[in-house]
Amino acid sequence: MSKSEDKQKLFEESPVFSALMRLAVPTVIGQIILVIYNMADTFFISKTDSNVKITAVTVCMPAFMFLTAISNLFGIGGSSVISRALGKMNNDRARHASAFSFWCCLATALLYSLMVFLLADPFVDFLGSSYNPEVHELSKQYIMITIVLGGLFTSMSVLMSHLVRSVGMSVHASAGVILGGVLNIVLDPVFMFVILPRGYEVQGAAIATALSNAISFLYFLILLILQGRKGIPISMRLTRESFRWEIPQKVLNAGLPACVMTFAENLSYAILDNLLSAFGTAIQAGIGVAKKTNMLSHSIVRGITQGALPLLGYNYSAGKRLKTRNIVLTVGFVSTAVAGLLTLLMFIFARPVVGIFLNADDPAMRYGMLFLRILCIGAPFSALAYTFISFFQAVGHGGESFLLALLRKGILDIPLMFILIRFMSFYGPVSATPIADISCSAVSVILFYTFASKHLKKNKSRKIYNSAKGCYEVEATDGIH
């Protein structure tokens, strides 16, 4: 059986739960490794017993994660177009969409890195370093290495994982992410405590991050070169066709909500850091650790929903609307249950979890525990919202996913931060996050069931692309299960 036939069997014939596990489990593992390596910098820097250094790294997280926003714009957008093209057996469209996504992501990541280089000082001040000159300088050094020098590799590595996953190669996609994560964990202590002199731990962590992502990107390049010879519908060759068939419009329509959600999420965290910076480095270090720890449940849920995106796009495009509905409900149940379990564990074991990064006698320890317990309340609700956001992305309905993305981060939580800080001091801005998650999940349920009542009640005839004729032909309805 050829690779294309194997992937078609996975998307069309495998039971929903089985197909979901095959696509989602490798993605979840990759996301867990991604969280661990994001936490590795904080863990190793915490060994210096310096809240200033911990704060310097954690306030840079939104700027670093904006690279992921760029990747999601073209990666999730491209993945949506590719999976729907494969559902109609149009491999040519899939190749052109992947080429468009590849080169646009590369150009955007380069522009972002250049902007950070030119505006480094005001940029790190906005992130929350303006109250402490030492934090400002260390934060600036960190972003100059991770974003200016290594940002392109980070963004492109994440993009490639999305594109590879869109054709059903979830294991290969996750292998590249895991490779980068494991290398970062290994290289962190080497650069921080062996190669560089004492006092340069922040710079060492930054070098380890940039180098590991560069190697991860190289892995994906080699993978595509090798797999391209076997006929997988992913290409880096940009042609005029990459700008036809409404490919740019469809990629941006599906990818913009994912980009906005990641951007708004990190803008929200930057504002949170900025608001809390006035209360001292102990509180900043506490929220920094709480945010990174809380990323675990969110990243696992994202792994499940991102793994399901190609499955949703393929079956919806193939006309299998009843199966598409079953996939959504399965994803929603699994992701919410997992997030609920993780919320319970985080709430119960907040002290030992935060204690991994902070000493028991550190004032930041108490704040980290309290902040983690507040943030984790929203995880099950955000899991439900992620499910429906991914569904709307997969089927190309950017309006609904865009609205939900802004509701989850941006429209609700940022104004709430400024309101609640007046009444609840530094606890107020932190509490805005779960409130926004709960509100967004309620709206997402309403939007999905409104959509499902119109479009997921019965199967439709499938359109298959005939490359010889250059047009679509309708498949008989009884071929749809």
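Relative to its residue count, the range 336-432 spans a Cα convex hull of 103 Å³ per residue. Counting pairs of alpha carbon atoms under 8 Å apart in space and at least six apart in sequence, what relative contact order in percent does the chain give? 23 percent. The distance separating the Cα centre of the range 423-447 from that of the range 214-272 comes to 30 Å. Legend: residue pairs Lys250/Lys457; Lys292/Lys323; Lys47/Lys409; Lys409/Lys457; Lys292/Lys320, Cα-Cα distance threshold 27 Å; pairs beyond threshold, Lys292/Lys323; Lys47/Lys409; Lys409/Lys457; Lys292/Lys320.
Stokes-Einstein diffusion for the range 48-105, with the hydrodynamic radius set to the Kirkwood value over Cα pairs and evaluated at 20 °C in a medium of 1.002 mPa s, equals 159 µm²/s. Extension gain for the segment Ile435 to Val25, taken as residue separation times 0.36 nm less the Cα-Cα distance, is 144.7 nm to one decimal. Taking Cα centre as origin and charging only the Cβ of basic (Lys, Arg, +1) and acidic (Asp, Glu, -1) residues, the dipole magnitude of the chain rounds to 1780 debye. Taken about its Cα centre, the range 68-208 carries a charge dipole of about 780 debye when Lys and Arg each add +1 at the Cβ and Asp and Glu each add -1 at the Cβ. Legend: translational diffusion of the range 30-160 by Stokes-Einstein, Rh = Kirkwood radius over C-alpha pairs, 20 °C, 1.002 mPa s; D = 133 µm²/s.
Taking packing as the residue-averaged number of other Cβ atoms within 10 angstrom, the listed peptides 78-90, 276-288, 137-149 run from highest to lowest as 78-90, 276-288, 137-149. The listed peptides 347-353, 313-319, ordered by packing as a protection proxy, come out as 313-319, 347-353 (highest mean of other Cβ atoms within 10 Å first). Applying both filters, DSSP loop and at most 15 other Cβ atoms within 10 Å, to the trypsin sites (Lys or Arg not before Pro) of the range 202-276 gives Arg229, Lys230, Arg237, Arg244.
Reducing the range 143-187 and the range 347-394 to their Cα centroids gives an inter-centroid distance of 24 Å. Rounded to the nearest 500, the 222 nm mean residue ellipticity of the chain from helices alone is -26000 deg cm²/dmol, with -39,500 (n - 2.57) taken per DSSP H run of at least 4 residues.
Could you point to the residue in Val430, Leu86, Gly288 farthest towards the positive end of the range 3-479's charge dipole, with +1 and -1 charges on the Cβ of Lys/Arg and Asp/Glu respectively? Farthest towards the positive pole: Leu86. When you filter the GluC sites (Glu not before Pro) in the range 4-103 for DSSP loop state and at most 11 other Cβ atoms inside 10 Å of their Cβ, you are left with Glu13. Scanning residues 5 or more positions from Asn90 or on other chains, those with amide H under 5 Å from its amide H are Tyr465, with H placed 1.01 Å from N in the peptide plane.
Projecting the Cα atoms of Thr387, Ile247, Ala360 onto the charge dipole of the chain, computed from C-beta unit charges around the Cα centre, puts Ile247 farthest toward the positive end. Under a model in which nothing but the beta-carbon of Lys, Arg (+1) and Asp, Glu (-1) is charged, the range 251-386 shows a dipole of about 600 debye around its Cα centre.
When each full DSSP H helix of the chain is screened for a Cα extent of at least 18 Å along its own axis and an average Kyte-Doolittle hydropathy of at least -1.0, the helices passing are 16-46, 61-87, 91-118, 151-166, 170-189, 201-228, 247-276, 281-317, 321-348, 363-375, 379-394, 427-455.
By the Stokes-Einstein formula, at 0.692 mPa s and 37 °C, the chain with its Kirkwood radius over alpha-carbon pairs has D equal to 146 µm²/s.
Quick note: the coordinates plus some simple rules give every number you see, no bench work behind them. All of these numbers come straight from a predicted model, not from anything done at the bench. Please note: Cβ atoms are built from the backbone with ideal geometry, for glycine as well, and neighbour counts cover all protein chains shown.
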